[in-house]
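Please treat every number below as a calculation from the coordinates, not as lab data. None of the values given here were measured: they were computed from a predicted structure. A quick note on method: Cβ atoms are made from the backbone with ideal geometry, for glycine too, and the neighbour counts reach across all protein chains shown.
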């Protein structure tokens with residue numbers, strides 16, 4: 001049992017290279033330039049197996065093709081008990097060779113787009129987090145794969161740190177950063193209100209100031225003077 | 001009609017504010033792998049029900065993305081993220097009549113101040129005992145953020161946490177116990193890589 005030796009469909013380097021060129025050229029014509037932001041794991045917890053303290057410190061620019069061309073996918077905008085949630089997802093296609101040229105040559109260990117890295121999508125000026133990278137979306141055409149499909153969703157912001165040196169990236173979330181000096185007073189809660197449109201911490205505090213009885217001399221309200229007049 | 005005497009003391013609204021203020025200064029601190037303290041933040045909390053038009057106008061006023069701001073420093077662009085985490089929300093879920101706390105309706109409670117404009121009456125009749133159910137939700141991007149919040153809450157409830165509240169003007173403050181009845185957690189992590197992990 002063997003394939004026909006007169007047909008070589010999977011090992012022609014010239015053919016593979018031609019398809020690569022065509023794919024790259026197509027993406028250059030129809031694609032969108034994006035900024036790829038790589039993530040450095042800085043707070044890995046070996047018990048919970050997560051990194052709650054990532055830092056994004058390098059950017060790379062290259063062209064991608066928007067595969068979900070009819071619009072963002074996902075659940076869209078909706079109101080949850082936590083306020084407005086925007087669950088837009090996006091699938092971008094980048095040529096393997098493009099990624100290698102713009103990223104791997106700069107950072108050797110970045111051989112492919114990585115889950116957890118970010119992509120700044122310029123059309124709506126929003127930041128997307130890569131959830132999954134599919135490397136076999138086009139199945140071994142002429143014996144090799146040509147593209148990565150990057151499936152990403154709008155970032156959930158949790159005070160991630162940006163030190164890329166790219167001003168528009170580093171300052172992007174500056175006004176939403178709730179990493180503030182905590183001194184448990186109203187001034188801090190005011191600051192939180194400015195950075196989070198949906199935080200009612202200060203409103204509750206002010207409302208409750210009028211009803212909570214934290215009198216030190218009378219913590220249990222047993223000595224209230226009752227007027228008989 | 002028997003019930004035709006308008007009054008409104010905002011008691012339920014006060015209960016909501018009171019519940020919110022119990023948890024409005026929870027803090028999450030994050031450290032890097034070497035243990036250095038690097039971030040401190042107060043966890044945002046809000047009342048879950050939200051008028052939809054206001055939610056949209058408050059949080060996504062201009063629809064488009066980009067972190068641009070007006071002259072006052074307030075974000076003027078659309079919401080550039082899906083949501084911010086960790087955060088908490090709560091809602092009022094139930095009202096239950098508590099027969100065990102019922103007292104005779106003719107029992108009088110003396111007022112601390114006499115309201116001359118209202119006939120100078122020096123007492124009110126006893127209230128009707130209802131238990132109000134609240135649900136508090138914590139959502140986090142990271143498991144450890146969620147347990148940090150939880151660990152700061154649970155020790156205060158044995159199973160109740162009592163505070164003294166001036167609920168109605170003219171009456172002496174009341175002790176209001178907040179009783180923790182149930183804690184559940186949910187971590188959706190098992191599905192496809194493209195499915196969002198949700199820690200509640």
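Listed values, structure above:
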| read-out | value |
| --- | --- |
| Extension gain, residue B:150 back to residue B:174 (0.36 nm per residue minus Cα-Cα distance, nm) | 5.9 nm |
| Distance in nm between pseudo-label sites at residue B:132 and residue B:109 (7 Å out along the Cβ direction from Cα) | 1.4 nm |
| Segment residue A:11-residue A:97, extension gain: residue separation times 0.36 nm, minus the distance between their alpha carbons | 29.2 nm |
| Sites residue B:162 and residue B:37 - FRET efficiency at Förster radius 30 Å, r taken between beta-carbons, to 0.05 | 0.35 |
| Extension gain from residue A:134 to residue A:107, taking 0.36 nm per residue of separation minus the Cα-Cα distance | 7.7 nm |
| Virtual paramagnetic centre 7 Å along Cα→Cβ of residue A:18, amide N under 19 Å, in the stretch A:121-152 | A:139-147 |
| Fewest-first sequence of A:15, A:61 by Cβ atoms within 10 Å of each Cβ | A:61, A:15 |
| Shielding by partners, peptide A:190-200 (average Cβ within 10 angstrom, other chains) | 6 |
| Percentage relative contact order, chain B, counting C-alpha pairs under 8 Å, at least six apart | 16 percent |
| Gyration tensor (alpha-carbon) shape descriptor, chain A, a/c threshold 1.5 | prolate |
| Cut-off 19 Å, label 7 Å out along Cα→Cβ of residue B:192, residues of the stretch A:60-76 by amide N | A:66-76 |
| R0 of 45 Å, Cβ-Cβ distance residue B:98-residue B:57: FRET efficiency to nearest 0.05 | 0.70 |
| Gyration tensor (alpha-carbon) shape descriptor, the stretch A:64-110, a/c threshold 1.5 | oblate |
| Cα-derived Rg over Rh, computed across the protein assembly as shown with Rh taken as Kirkwood radius | 1.12 |
| Relative contact order computed over chain A (Cα-Cα under 8 Å; 6+ residues apart), in percent | 17 percent |
| Computed FRET value (nearest 0.05) for residue A:41 with residue B:9, which takes r as the C-beta separation and R₀ as 51 Å | 0.40 |
| Residue order, fewest to most surrounding Cβ atoms within 10 angstrom, among A:142, B:83, A:69 | A:69, A:142, B:83 |
| Point-to-point label distance, residue B:91-residue A:145, nm (Cα→Cβ direction, 7 Å offset) | 4.2 nm |
| Surface/4 estimate of mean projected area, convex hull on alpha-carbon atoms of chain B, nm² | 18.8 nm² |
| Cα→Cβ-extended label distance, 7 Å offset, between residue B:27 and residue A:115, nm | 3.5 nm |
| Overall form of the stretch A:93-198 per C-alpha gyration tensor (a/c, 1.5; a/b vs b/c) | prolate |
| Helical contribution to [θ] at 222 nm, DSSP H n ≥ 4, -39,500 (n - 2.57), averaged over chain B, rounded to 500 | -4500 deg cm²/dmol |
